[in-house]
Amino acid sequence: MEYIVETSNLSKRFGKDLAVEGLNMKISKGEIYGFLGPNGAGKTTTIRMLLGLMKPTSGRIRIFGQDIKQQRKNILAKVGSLVENPSYYPHLTAYENLEALRKIIGVPKQRIYEVLEIVRLTEVADKKVKGFSLGMKQRLGIAMSLLNQPQLLILDEPTNGLDPSGIIEIRELIKRLPEEFGMTVLISSHLLTEIDQMATTVGIVTKGKMIFQDSIETMRTLAGHAISLKVSQAEQAWRLLLANGMKVEHESGLIMLHESSNEMVAEAVRLLVQANLSIYRVEEEKRSLEDIFLSMTREDSAV
Amino acid sequence: MISMMQTDFLKIKRKGFWFLTFLGPIGVVALQMVNYGVRKEYLLQQSENDWLYYLQNISVFTPLALVLGIAIFTSFIASIENETNAWKQLISLPVSKMMVYLSKFTILACLLFISSILLMLFTLGFGIFLSFDEAIPWWELVKYSFYPYFAALPVLALQLWIATVSKNQGVPITTGIFGVIFAYSAYMLPDWMIWKWPSLMNQWDEPLINVLLGLGVGCLLYVMGMLDFTRRDVK
């Protein structure tokens with residue numbers, strides 16, 4: 001399998017501290033890879049190494065199958081990035097900021113209008129960035145990262161400082177990229193809900209180590225859901241289901257059904273209806289991903 | 001490289017770079033306007049060759065303006081990238097770090113060179129206005145306008161290096177201030193100090209030595225600065 005990004009045993013040491021330790025990251029084409037971890041876990045350091053801003057202490061990075069050490073310029077020509085806070089020149093207008101990059105990248109001027117349109121900054125193109133709100137600066141940062149029509153887009157905390165509508169907008173935009181432009185996206189965040197709504201694959205890092213890397217579905221399975229039933233006469237219902245060999249619990253007026261296959265739920269409902277019990281609610285109870293995430297990052301390695 | 005420099009020229013827009021480029025030579029000549037305006041008769045009595053004496057008067061302040069200008073320019077150009085840490089954006093583009101550094105150096109060298117041309121023109125203009133008896137000493141005029149520039153290249157290379165690698169802009173400003181003080185007291189400095197060179201003074205009384213030293217050591221310091229810049233991680 002050919003990966004777009006592949007790191008092997010990537011480590012970075014700052015003085016005595018190992019910021020990143022033996023990281024193996026694998027990102028396939030067309031994925032939205034959610035790079036998740038608490039603040040200070042080594043996400044940004046990893047991203048900086050991917051972009052050639054920092055040299056790894058040890059380990060190897062291959063992007064598009066090429067080694068970053070030897071092919072840095074070739075690789076970066078096909079990568080767009082937004083690292084931490086957006087970088088811009090406040091004394092220049094939005095257009096001039098993009099123009100400054102465009103001259104180096106060498107794409108046609110038309111592309112500037114395209115990316116401004118994508119992030120909806122067309123109207124303020126000729127205003128100085130100094131006066132922009134944080135959200136607008138963030139959007140400008142995303143516009144900058146899209147300027148060279150990258151095949152790999154690396155976004156570090158892209159929804160930082162955005163208001164809810166801005167967050168949704170950026171999220172929708174990011175979701176569109178793989179299909180419409182064939183991009184692969186690496187997006188880092190310390191917020192699981194953020195990643196949960198966008199990513200197809202998740203890598204969780206804590207204290208510089210990757211502790212989980214798999215599809216978001218696998219991660220959701222780990223969330224292990226149960227079905228809760230609210231019925232009249234819970235006690236009676238519980239006994240009935242138990243008598244029929246189901247794994248159920250009775251807690252505070254709710255029946256918790258631990259096997260949640262469709263057949264099992266249907267069977268349980270049928271039994272209850274036949275016993276003339278009223279069913280008020282059937283709900284899926286998820287152990288929130290937030291909980292899993294917290295327990296994983298606390299214990300260092302849960303998987 | 002051309003596109004990199006175009007980008008850098010775009011970035012220095014509205015930051016007062018061009019204003020300073022003009023202000024430097026105007027300031028130097030303006031000081032002599034005051035000087036000659038107040039006591040022209042006295043000054044004309046001071047020497048046999050009024051044109052040369054006038055050029056020497058001008059050249060007293062040229063090194064000071066140069067070193068001060070270098071300190072301000074280098075700190076400014078670094079602060080443009082430092083302000084929002086645009087280094088990370090810039091370096092993650094498909095450009096070599098050497099090119100980034102070379103472009104900054106070249107831009108500043110260009111601006112200072114333009115300053116030197118302006119200095120020559122302004123000096124010439126005011127000299128003609130003063131209507132000295134002697135013919136215009138063209139070669140001396142060129143020498144006094146451009147020799148200090150070449151002799152100041154090591155200071156430019158050093159200040160750019162310090163400014164680009166310091167996270168705290170207090171560091172280059174401090175070295176810049178010391179540079180200006182050194183340039184001001186050039187006559188008492190030993191010959192090996194680079195801040196003395198723009199004054200064109202040396203024990204052999206041969207300004208050309210300062211020019212050659214400036215070019216040589218300037219190149220050396222430039223290469224050292226560039227290599228150090230490429231070696232460092234971008235935060």
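Brief remarks on what is shown
- Backbone phi angles across region B:195-206, fed through the Karplus curve with coefficients 6.51, -1.76 and 1.60 (θ = phi - 60°), yield HN-Hα couplings of 6, 7, 4, x, 6, 6, 8, 7, 5, 8, 6, 10 Hz in residue order; Gly and Pro are listed as x.
- Exposed loop sites were defined as GluC sites (Glu not before Pro) in DSSP loop states (anything but H, G, I, E or B) carrying at most 14 other C-beta atoms within 10 Å; in chain B the longest segment without such a site runs B:135-235.
- Relative contact order [Cα under 8 Å, 6+ residues apart], region B:19-108, whole percent: 29
- Chain A: most fluctuating residue of A:ASP67, A:ASP156, A:ASP196 per GNM, C-alpha cutoff 10 Å: A:ASP67
- Cβ-based net charge around A:VAL20, under 11 Å, with every Lys or Arg adding one and every Asp or Glu removing one: +4
- Label-to-label distance, B:ILE26 versus A:ALA266, with points set 7 angstrom from Cα along the beta-carbon direction: 8.7 nm.
- Sorting A:VAL119, B:VAL171, A:VAL124 by solvent-accessible area of protein heavy atoms yields B:VAL171, A:VAL124, A:VAL119, largest first, with a 1.4 Å probe.
- Nearest-ten-degree value, helix A:262-274 long axis tilted from longest Cα axis of chain A: 30
- Long-range amide H partners of A:ILE211 with built H, under 5 Å: A:ILE204, A:VAL205, A:THR206
- Probe 1.4 Å, all protein chains present, accessible-area order of A:LEU192, A:LEU254, largest first: A:LEU254, A:LEU192
- Scanning chain B for DSSP H helices at least 24 Å long along the axis (C-alpha atoms) with a Kyte-Doolittle mean no lower than 1.0 picks out B:50-82, B:97-130, B:207-231.
- Helix A:134-146 and the longest principal axis of the C-alpha atoms of chain A enclose an angle of approximately 70°.
- If the Kirkwood radius is taken over C-alpha pairs of the protein assembly as shown, then at 37 °C and 0.692 mPa s the Stokes-Einstein diffusion coefficient equals 118 µm²/s.
- Cα-based convex hull, region B:88-153, per residue volume (Å³, whole number): 94
- Placing dummy labels 7 Å off each Cα toward the beta-carbon, the span from B:GLU140 to A:GLN66 is 6.0 nm.
- Only protein heavy atoms count here; under a 1.4 Å probe, B:LEU20 has an accessible surface of about 40 Å².
- Ordered by 1.4 Å accessible area with all protein chains kept, A:ILE170, A:ILE104, A:ILE279 run largest first as A:ILE279, A:ILE104, A:ILE170.
- Per residue, the convex hull volume that the Cα atoms of region A:10-63 enclose (Å³): 82
- Ligands, DNA and RNA aside, A:HIS190 has an accessible area near 60 Å² when probed at 1.4 Å.
- Note: relative contact order over region A:1-114, using C-alpha pairs below 8 Å and six or more positions apart, is 24 percent.
- Exposure of A:VAL282 as accessible area (Å², to 10), given a probe of 1.4 Å and all protein chains: 70
- Efficiency of FRET between A:PHE181 and A:SER215 - r from beta-carbon atoms, R0 35 angstrom, step 0.05: 0.95
- Per the Debye calculation on chain A with a single equal scatterer at every Cα and no solvent contribution, log₁₀ I(q)/I(0) for q = 0.14, 0.15 Å⁻¹ amounts to -1.00, -1.10.
- Other-chain or far-sequence residues with amide H under 5 Å of A:VAL231's (modelled H): A:ILE255, A:TYR280
- Residue with peak Gaussian network fluctuation, chain A [Cα springs, cutoff 10 Å], from A:MET136, A:MET256, A:MET25: A:MET256
- Where the alpha-carbon atoms of region A:83-176 are placed on the principal axes, they occupy 32, 31, 22 Å, in descending order.
- Value of [θ]222 nm, deg cm²/dmol, for chain B, DSSP H segments ≥ 4, -39500 (n - 2.57) each, nearest 500: -26000 deg cm²/dmol
- Separation between Cα centres of region B:125-181 and region A:25-75, rounded to whole Å: 44
- Inter-centroid distance (Cα atoms) of region B:1-70 relative to region A:154-199, Å: 54
- Average Cα contact separation per residue, region B:52-158, under 8 Å, 6 or more apart, as relative contact order %: 53
- Anchor A:LYS109: lysines whose Cα lies under 20 Å away (excluding residues fewer than 8 positions away in-chain): A:LYS78, A:LYS127, A:LYS128, B:LYS11, B:LYS13
- FRET efficiency, B:ASP205 to B:GLU41 (Cβ-Cβ, R0 30 Å, nearest 0.05): 0.50
- Counting charges near A:GLU2 (Lys, Arg +1; Asp, Glu -1) among other residues having Cβ under 14 Å from its Cβ returns a value of +1.
- Rounded to the nearest 20 debye, the dipole magnitude of region B:2-231 is 1140 debye, with +1 charges on Lys and Arg beta carbons, -1 on Asp and Glu beta carbons, and the Cα centre as origin.
- Rg/Rh for region B:2-231, where both radii come from Cα atoms and Rh is the Kirkwood radius: 1.01
- Pairs from the table (A:LYS73/B:LYS15; A:LYS12/A:LYS55; B:LYS97/B:LYS167; B:LYS97/B:LYS235) lying more than 19 angstrom apart at Cα are A:LYS73/B:LYS15.
- Among beta bridges that DSSP assigns inside chain A, antiparallel share in %, nearest 5: 65
- Note on B:CYS110 and B:LEU52: the model spin-label points, each 7 Å out from Cα along the C-beta direction, lie 3.8 nm apart.
- Counted over the protein assembly as shown, the DSSP beta bridges are approximately 65% antiparallel.
The values are calculated or read from the model by the stated rules, or taken from the named source; none is laboratory data. Here the structure is a predicted model, which is why all the values come from computation and not from measurement. So basically every Cβ, Gly included, is an ideal-geometry build from the backbone, and we count neighbours across all protein chains shown. Note: accessible area is taken over every heavy atom of the protein model, side chains too, but ligands, DNA and RNA are not part of it. Shrake-Rupley method; radii C 1.70, N 1.55, O 1.52, S 1.80 Å.
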